[in-house]
Amino acid sequence: MGSVDSDSSSNSGSDSDSDHEAGHEQTSSDRSSFRDLFDDESSVFNLKLDKVQNVQEHESTKGTVFYNLRDSATQSQSLMGLVDRLRSLGIQHDIDLPIIATIGLQSSGKSSLIEGLSGLSLPRSSGTCTRCPFEIRLRQKESPWRCKISLVFEFGAQGEALGRPRIVLFGAPISDPSLVEDRLTRAQMAILSPSERHERFLIGPKYNSSIFRFSKNYVSIEVEGPNVPDLSFYDLPGLITNSKDGSSKDIELIEELLVSYIKKPSCLILLTMSCESDFLTQGSYRLVKKYDQNGSRTIGVLTKPDRIQEGDEPSWIKFITHEEEPQSVGWFCVKQPSTMELKEKSIQEVVRAKEREFFEETSPWKDIPEKYRKSLGTQGVSDCLYESLVRLSAESIPLLLEKVNRALLNKEAEIKSLPAPISGDPLSGMMRLVTGFCDEVNRHSIGVPEEKSVLHKINMKQDDFRRRILSVAPIFNPWRESEAPGDMGTMAPCVFLDDEEVDTNAAQHALTMHLDEVLFLLKNSRTRELPGYYPNEVTRQLIIKSMRTWLSSAQSYFDDVQYIVRDKLRDISEEFFKHFDRNGLLSAVQEILYNKLKEHCDATSAHLRWLLALEEQPNTQNIRLYNQHLEKFTTHFKGVRFNITHSSPYEFIRSHKSERGQNYVGQVISTLGSMGMSNVNPNDLLKLIEDDGSQPAIHVMASTSAYYQVSCKRFVDNVIMAVDHDFVTGISRDLQDTIYTSLTKGDGMKTCKNYLKESEDLARRRKILQERFSSLEMARKELLNM
């Protein structure tokens with residue numbers, strides 16, 4: 001693929017900055033700033049930098065402020081050290097920690113910039129490119145220079161995040177800077193081959209058997225010494241536009257890796273843009289802009305200014321003067337060492353000197369106004385990164401304790417949601433598991449006060465069932481088919497029935513008969529009865545016919561209940577036994593539930609058929625309710641019958657007045673009252689209407705309708721109670737014994753042990769959660785100690 005960072009510049013220059021003889025001789029103790037950054041007395045940590053002196057402030061026209069932080073090194077080191085320790089604990093998967101991440105195209109000059117900031121030599125051999133992130137931690141100390149390199153595995157072989165980073169020291173600490181490049185090359189090989197012993201890559205000839213082309217795990221480089229700046233950042237693989245095999249897989253892998261860093265709100269983005277390529281064609285800027293639209297987190301760095309085509313320099317200088325693509329912090333420009341200097345491995349002091357000479361003696365860079373000159377050179381980038389990281393850390397840390405506490409609660413809840421490991425006697429463990437499951441089933445069958453609970457859904461189905469039964473109440477038309485004038489084919493509703501006793505949307509399956517049809521049945525059913533008497537069989541047959549859809553309605557209701565209960569049993573069984581699915585326990589329990597459900601379904605369906613059979617012989621002791629309905633239906637049918645020849649029975653009664661306007665109806669009711677017949681109303685007078693031969697049929701119509709109102713309520717109640725007793729609560733009645741007995745057949749101890757063996761996925765999940773919980777607890781202690 002080629003080197004990601006073979007980005008050296010071809011030109012060189014000499015140092016002309018008299019204030020800085022060497023780039024790394026300006027240490028963190030020489031930095032200055034943060035006059036008020038830690039002066040907030042209300043801060044959780046009450047951090048305060050003391051003895052802030054020699055503050056040099058430089059403002060751009062865009063309000064950018066650069067500080068050289070020369071004092072308060074101890075406080076700043078404490079801040080960055082705390083963030084480093086928190087990241088080493090691995091809490092960045094749960095908490096957003098302040099970091100700096102470098103991003104740029106391959107050959108954009110990113111590696112040379114990293115070398116200039118760190119003083120390290122990165123791998124540059126042919127065919128070598130950055131295939132994993134490099135974490136670089138730089139700390140100024142009075143002790144001799146030393147470098148420690150570690151392999152940090154935050155992700156497993158399948159890309160899954162580990163509970164806690166596995167940190168492997170890769171060789172002894174290095175005291176000779178010239179040995180770093182080779183050690184880093186070997187470390188990257190080890191990261192890309194996690195299944196190999198890392199010692200294999202550490203010694204002897206370079207061994208390259210990479211399993212992965214790229215990795216999210218990273219190499220950690222910790223450098224300390226007297227001339228080392230205080231700074232921490234991540235060097236990420238360079239973006240590519242094509243791969244060796246022509247596939248887009250590598251391109252997507254790298255972009256996904258970069259996005260995992262730069263999408264976080266606490267990530268400062270160090271963006272490198274090469275001046276030898278068209279700005280708009282460099283995809284790294286578009287990617288950064290997508291996740292930092294206003295540029296508040298981006299620090300832009302222009303590289304290779306010596307390779308700009310003659311005459312194009314002004315267009316690039318506009319970035320430095322904030323006239324083009326302004327960022328909140330601003331743009332910088334650095335000069336890379338030439339190819340010859342890279343081969344000769346020139347020391348950083350010489351490289352920095354030539355960089356300053358280039359910007360001070362080369363047109364048009366030397367003519368840039370003084371207020372922007374801090375944006376030229378690697379030292380300005382270093383100062384800005386240091387200031388920005390410390391500032392971001394100081395702003396973030398007071399909020400971290402609350403975030404850690406919240407994350408601890410979430411992790412604790414996740415751990416509790418997992419089933420406790422089964423320990424001890426497998427039979428006892430199985431009993432506890434089955435008992436918990438059956439208790440939960442019983443709780444839902446009894447009823448829980450929750451919306452969309454089992455009983456809530458069943459209650460809705462009960463209402464539907466009741467309405468279906470009421471909707472098929474018999475419809476009797478008390479007129480002959482030949483008598484029905486105009487719109488009399490539809491009878492007025494029975495207003496005396498309560499709303500819950502009638503369905504306004506009568507079903508088309510209801511029994512419907514006319515007066516002459518009922519008279520015909522009565523006539524043809526007579527045997528030895530006396531005149532005026534008719535056999536009761538006619539009424540019984542009409543009652544049975546009106547019930548012809550009851551069984552299907554009852555079964556339909558029961559089917560609805562079955563679906564509800566089965567869904568809930570499936571959900572509860574998966575909740576309790578899903579972690580043992582690989583061992584077959586979930587499948588075994590669900591098979592037992594299936595057989596149990598079938599057994600209760602068959603028994604309940606038989607009970608429903610039995611309930612309908614009871615209704616085949618009409619009978620009731622609810623005499624009062626029956627008589628009330630019988631009287632009302634009789635009056636209603638008579639009134640409708642009378643309406644065939646009169647506009648209205650009520651109108652007929654009201655129309656009988658004397659010539660003097662006396663109300664005969666009132667007089668009749670008054671006379672009846674004087675005779676002791678109180679509570680008489682005009683409707684009662686309808687009972688005095690002369691019989692036209694329809695009285696026997698009207699009696700059958702009324703008695704059938706009255707009995708239907710009594711019997712249908714009884715049937716609805718009985719069906720609902722039978723389904724509840726035999727099925728809803730019946731299933732849980734002996735469920736525990738059924739499940740436990742079935743699961744412990746034969747060699748119960750061995751069977752239960754196999755069933756309860758914790759799956760690898762569950763064990764891994766619990767281990768990760770416990771490790772993250774432990775890491776968060778340690779992070780909390782670190783924050784409290786701060």
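General observations
- R0 of 25 Å, Cβ-Cβ distance F279-E395: FRET efficiency to nearest 0.05: 0.20
- For the set K461/K598; K568/K753; K457/K753, the pairs lying more than 29 angstrom apart at their alpha carbons are K457/K753.
- Note, ³J(HN,Hα) from phi for region 303-310, Karplus 6.51, -1.76, 1.60, rounded to Hz, x at Gly and Pro: 10, 6, x, 6, 9, 5, 4, 4
- Of the Cα atoms belonging to region 75-403, the radius of gyration and Dmax stand at 19.3, 56 Å.
- Label point at S759 placed 7 Å out along Cα→Cβ; residues across region 144-187 whose backbone nitrogen lies under 18 Å: 158, 160-161
- Ranked L735, L515, criterion: other C-beta atoms within 10 Å, fewest first: L735, L515
- Cα principal axis extents for region 130-246, largest first, Å: 48, 33, 31
- Neighbour net charge for K545 - beta-carbon separation under 13 angstrom, K R +1, D E -1: -2
- The packing ranking, built from the mean of other Cβ atoms within 10 Å per residue, places the peptides 720-730, 376-386, 620-630 in the order 376-386, 720-730, 620-630, highest first.
- Using the Cβ-Cβ distance between R286 and R213 with R0 set to 22 Å, the FRET efficiency from 1/(1 + (r/R0)^6) comes to roughly 0.40.
- Model label sites at M677 and S552, defined 7 Å from Cα along the beta-carbon direction, differ in position by 4.8 nm.
- D747-R609 FRET efficiency (beta carbon distance; Förster radius 60 Å; 0.05 resolution): 0.90
- Across region 111-117, rounded Karplus estimates of 3J(HN,Hα) from the backbone phi angles (6.51 cos²θ - 1.76 cosθ + 1.60, θ = phi - 60°) give 5, 5, 5, 4, 5, x, 6 Hz, Gly and Pro being marked x.
- Length-normalised contact order for region 502-613 - Cα pairs under 8 Å, 6+ apart - percent: 22
- Peptides 439-446, 275-282 ordered by average Cβ neighbours within 10 Å, highest first: 439-446, 275-282
- Extension gain from K452 to D567, taking 0.36 nm per residue of separation minus the Cα-Cα distance: 40.2 nm
- Sorted peptide list for 518-524, 473-479, criterion being average Cβ within 10 angstrom, highest first: 473-479, 518-524
- Subset of K416/K578; K216/K249; K263/K290; K596/K745; K216/K411 violating a 19 Å alpha-carbon distance limit: K216/K411
A short reminder: the numbers here are calculations on the coordinates, not readings from a lab. What you see is a predicted model; the values in this text were computed from it and never measured. Using ideal geometry, Cβ is built from the backbone for each residue, glycine included, and neighbour counts are taken over all protein chains shown.
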